[in-house]
1. How fast does the chain diffuse by Stokes-Einstein, in µm²/s, taking the Kirkwood radius from C-alpha pairs at 4 °C and 1.567 mPa s?
2. How would you rank 120, 92, 76, going from fewest to most other Cβ atoms within 10 Å of each one's own Cβ?
3. How big is Rg to Rh over the range 60-118, alpha-carbon atoms, Rh as the Kirkwood inverse-mean-distance radius?
4. Compare 98, 30, 124 in a GNM of the chain, Cα atoms joined below 10 Å, and give the one with the largest fluctuation.
5. Quote to one decimal, in nm, the extra length available between residue 84 and residue 105 on full extension: 0.36 nm per residue of separation minus the C-alpha distance between them.
6. Spin-label point model (7 Å from Cα, Cβ direction): what's the residue 146 to residue 69 distance in nm?
7. Which residues does the label zone of residue 22 cover in the range 93-125, counting backbone N under 14 Å from a point 7 Å along Cα→Cβ?
8. Mind telling me which of 127, 109, 43 comes out most flexible in a GNM of the chain, alpha-carbon contacts under 10 Å?
Ligand code: RDL
Ligand code: RDL
Ligand code: RDL
């Protein structure tokens, strides 16, 4: 049975790890290993440890960059770390970031954090079990959270 790693943060204002695990367990039977770290810059090593020490086949890295300039910088650095960890381990780490200023109010932010997490959980399931389903969706303008952009109409 494959193992999915879940790494989330205490900085985020919603329990993204719980939403991810709920969505995965609704759809497939897998082993899950979860860790929670303080913030997004702590996610790369947490994800790498889930892969190398926890034997995870794929990891979701969940976090919420804040709205300030220093948070955007922090998110960029965290992303670079997550990409580096993927290249070092040859394993997908699906980055699920929801920027605090993407929602117009707290209700919309909570909705977006839940929806983006769940939609990326479904991507993780496809990557693991049905990669051909992603090929079918190639070029269709998929987005996670708000509405899909859709394909170009020409
Ligand atoms: O290693 C301890 C912290 O440096 C680390 O947890 C950081 O990710 C925390 N952090 C910031 O220092 C910051 O300026 C976070 C943010 N911004 C942020 O926007 N989102 C976070 N962490 O999850
Ligand atoms: O690992 C899961 C996602 O983080 C990853 O697929 C990203 O490449 C998705 N993504 C963004 O998160 C984003 O803010 C993309 C864009 N912007 C973008 O402009 N184009 C993309 N992906 O193909
Ligand atoms: O087209 C509107 C949004 O998709 C665009 O603003 C994205 O950059 C928003 N976004 C992020 O900022 C991010 O960190 C997205 C993701 N991650 C993501 O994983 N999937 C998205 N948008 O659809």
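Each value in this text was obtained by applying a stated rule to the coordinates, not by laboratory testing. The model shown is predicted, which means the values in this text are computed figures rather than measured ones. Here Cβ is always computed from backbone atoms with ideal geometry, including for glycine, and neighbour counts include all displayed protein chains.
1. 82
2. Details: 120 22, 92 17, 76 11.
Going from sparsest to densest Cβ surroundings: 76, 92, 120.
3. Radius of gyration over Kirkwood radius for the range 60-118 works out to 1.03.
4. 30
5. In short, 4.2 nm is gained.
6. My value for the distance between the label points is 2.4 nm.
7. Residues passing the 14 Å test: 110-119, 121.
8. Result: 127 has the largest fluctuation of those listed.
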